[in-house]
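> I'd like to ask you about the structure that follows.
The values are calculated or read from the model by the stated rules, or taken from the named source; none is laboratory data. Predicted model, so just to flag it, every value in this text is computed and none were measured. Every residue, glycine among them, receives a Cβ derived from its backbone with ideal geometry; neighbour counts consider all protein chains shown.
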Amino acid sequence: MLKDRIYYQNAYKRTFKAHIVGNGKDSNGRPYVVLSNTAFYPTGGGQPHDTGTIEGVQVIDVEEMDGEIRHFLEEELQSKEDVEGEIDWERRFDHMQQHAGQHILTAAFVRLYGFQTVSFHLGRGLVSIDLDVEDVTAEQLDAAEKLANDVILENRPIETKWVTEDELSEYSLRKQLAVTDDIRLVIIPDFDDNGCGGTHPLETGQVGMLKIMSTEKQKRIVRVHFACGGRVLQQLHRKNAELSAASKLLSAPEDGVSDAIDRLLASHHELEKSLKKTKEDLLLLEAKSLLDNKNGTLVRFSFTDRTVQDLQKLARMLVAEDETVIALLVAENENRLQFVAARGVSAGTSMKLVSASALPLLNGKGGGNDALVQGGGAKTMSADELLHVMENSITQQ
């Protein structure tokens, strides 16, 4: 029976003895054993499996399949009937803290605001619950966190009971149960009654503390990320290390990091504006230099490692400075050729015809209008050869 399993009889039991009642390999070749009883909790209900050893061999996974608990091992056990198992207590207790904390936080949201939890995930770093609401305010998060920590600090008992379906009416369950047999309730008196198959400490005080770390919206739910017990300290150490590093990089005290970042961002924005203006000035000087060396009304030039956006800006400057000009610009970037063709308002040539002559030769794509086109494709010829093709298309018009 479920209730006879060691992890339900005593969640604090770290070592146990049992005998092997089955063994085999799964479809991936992983060896496993089935024991007469076990303290290893199998993955289920949002809680990950235990790890540990059986006769010194690492247990890497525990799953309940076809009514039996399979302990997947790092290597096959030597032929033996009676064995001793030992669970990784640090991992087990961490899971107990996180799972109990989830019950407490979930109940806090229900009690304060009627927000129901629709799913729960116990990850390696943080734990998360999905609330069946579209938005949660900072004030609501703070209130739920405070209530949860009050219940933890009060060190209330955490009770477990096996009940029948007929007995459920005696309890104020916060959600309807999906099972009708082997019903196990986890109860925090006067706070939360809930069906659960996970492992939990005996008192809420052993959860230690609970801290909401962040939230994110996902479609019509809000996912709340939090940590309990030892994981809160882990998160604090990590964040403190990041804050300390940022403080040193900014040459600012830790309580002044935010102000220092604001100043740095303001300076960065000013530098961006200054750089943009300088770049525009340089492009204008470049445009005037090209106009000084134009061939009649034609400006043609090839570049290396220039963006098509730069070519467009340069072409617009050229035709703005001299409305009779036709500008043909090509850039060679790695294995690609990109081009821009533009005409001044007094030039009657259609740039679409220039593009139509160039793109098929490059197996490329482009767009634009009669006044300005841009495009690009494979480097099937040199930049100068492409310029020659574009210039011929203008001559033919």
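> Can you spot a residue in segment 349-364 that is among the basic types (Lys, Arg), assigned by TED's automatic domain parsing to the domain that holds Leu298, farther than 15 Å from Ser382 by Cβ and free of Cβ contacts under 8 Å to residues at least 40 places away in the same chain?
Yes, segment 349-364 contains a residue that is among the basic types (Lys, Arg), assigned by TED's automatic domain parsing to the domain that holds Leu298, farther than 15 Å from Ser382 by Cβ and free of Cβ contacts under 8 Å to residues at least 40 places away in the same chain.
> May I ask you to verify whether Ala341 is over 16 Å from Leu284 (Cβ atoms) and touching a Lys or Arg at 6+ places or on another chain (Cβ under 6 Å)?
Here the answer is no, as Ala341 does not meet what is asked.
> Residues to consider are Val179, Val186; find the one that is closer than 21 Å to Gln116 by Cα and assigned to a loop (DSSP other than H, G, I, E, B).
Val179
> Identify all residues within segment 104-124 that are touching a strand residue (DSSP E or B) at 6+ places or on another chain (Cβ under 8 Å), surrounded by fewer than 15 Cβ atoms within 10 Å (Cβ to Cβ) and within 22 Å of His49 (Cβ to Cβ); write none if there are none.
Ser119
> Testing Gln235 on (1) in contact with a strand residue (DSSP E or B) (Cβ under 6 Å, 6 or more places away or on another chain); (2) surrounded by 19 or more Cβ atoms within 10 Å (Cβ to Cβ), one condition comes back false. Which one is that?
It is condition (2) that Gln235 fails.
> Still on this structure: Tell me, which strands (runs of 3 or more DSSP E) wholly within segment 295-364 include 2 or more residues that are surrounded by fewer than 23 Cβ atoms within 10 Å (Cβ to Cβ) and among the aromatic types (Phe, Trp, Tyr)?
298-304
Conditions tested, residue by residue: (1) assigned by TED's automatic domain parsing to the domain that holds Leu210; (2) of a type outside the set (D, E, K, R); (3) farther than 30 Å from Thr15 by Cβ.
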residue	(1), (2), (3)
Met65	no, yes, no
Leu77	no, yes, no
Leu112	yes, yes, yes
Glu139	yes, no, yes
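> For Val127, all conditions in the list (1) free of Cβ contacts under 8 Å to residues at least 40 places away in the same chain; (2) in contact with a helix residue (DSSP H, G or I) (Cβ under 8 Å, 6 or more places away or on another chain) hold save one; what is the number of the exception?
Condition not satisfied by Val127: (1).
> Can you name the number of the only condition in (1) in contact (Cβ under 8 Å) with a residue 40 or more places away in the chain; (2) surrounded by 13 or more Cβ atoms within 10 Å (Cβ to Cβ); (3) not in a loop (DSSP other than H, G, I, E, B) that Val34 fails?
Here Val34 clears every test but (1).
> Related question: Has segment 109-117 got at least one residue that is β-branched (Val, Ile, Thr) and either farther than 12 Å from Val224 by Cα or assigned to a helix (DSSP H, G or I) (or both)?
yes
Condition check ((1) aromatic (Phe, Trp, Tyr); (2) under 30 Å from Leu126 (Cα atoms); (3) without any contact (Cβ under 8 Å) to a residue 60 or more places away in the chain) across all residues:
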{"position": "Leu236", "(1), (2), (3)": "no, yes, yes"}
{"position": "Leu243", "(1), (2), (3)": "no, yes, yes"}
{"position": "Leu249", "(1), (2), (3)": "no, yes, yes"}
{"position": "Lys294", "(1), (2), (3)": "no, no, yes"}
{"position": "Leu298", "(1), (2), (3)": "no, no, no"}
{"position": "Asp305", "(1), (2), (3)": "no, no, yes"}
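> If I go through segment 275-294 residue by residue, how many of them are of a type in the set (A, V, I, L, M) and crowded, with 17+ Cβ neighbours inside 10 Å?
Here the count works out to 2.
> Consider Pro48 carefully, then state whether it is surrounded by 13 or more Cβ atoms within 10 Å (Cβ to Cβ) and touching a His at 6+ places or on another chain (Cβ under 9 Å).
Taking the combined requirement at face value, the residue satisfies it.
> Of the conditions (1) loosely packed, with under 15 Cβ neighbours inside 10 Å; (2) assigned by TED's automatic domain parsing to the domain that holds His99; (3) over 25 Å from Val136 (Cβ atoms); (4) of a type in the set (Ser, Thr, Tyr), Ser172 satisfies every one except a single condition; which number is it?
Evaluating Ser172 over (1) loosely packed, with under 15 Cβ neighbours inside 10 Å; (2) assigned by TED's automatic domain parsing to the domain that holds His99; (3) over 25 Å from Val136 (Cβ atoms); (4) of a type in the set (Ser, Thr, Tyr) leaves (3) as the failure.
> For residues that are part of a loop (DSSP other than H, G, I, E, B) and among the polar types (S, T, N, Q), scanning just segment 44-92, find the one that is farthest from Ile20 (Cα to Cα).
Filtering first and then ranking leaves Thr51.
> Only one of Glu63, Glu139, Glu145, Glu86 is at pLDDT 95 or above, loosely packed, with under 12 Cβ neighbours inside 10 Å and either touching a Lys or Arg at 6+ places or on another chain (Cβ under 8 Å) or not aliphatic (A, V, I, L, M) (or both); which?
Just one listed residue meets the conditions, Glu139.
> Test Leu236 against the stated conditions and say whether it is at pLDDT below 95, assigned to a helix (DSSP H, G or I) and within 20 Å of Leu153 (Cα to Cα).
It is true that Leu236 is at pLDDT below 95, assigned to a helix (DSSP H, G or I) and within 20 Å of Leu153 (Cα to Cα).
> Okay, next question. Being among the aliphatic types (A, V, I, L, M) and over 28 Å from Asp150 (Cβ atoms) narrows it down to one residue among Val179, Val186; which is it?
Result of the check over Val179, Val186: Val179.
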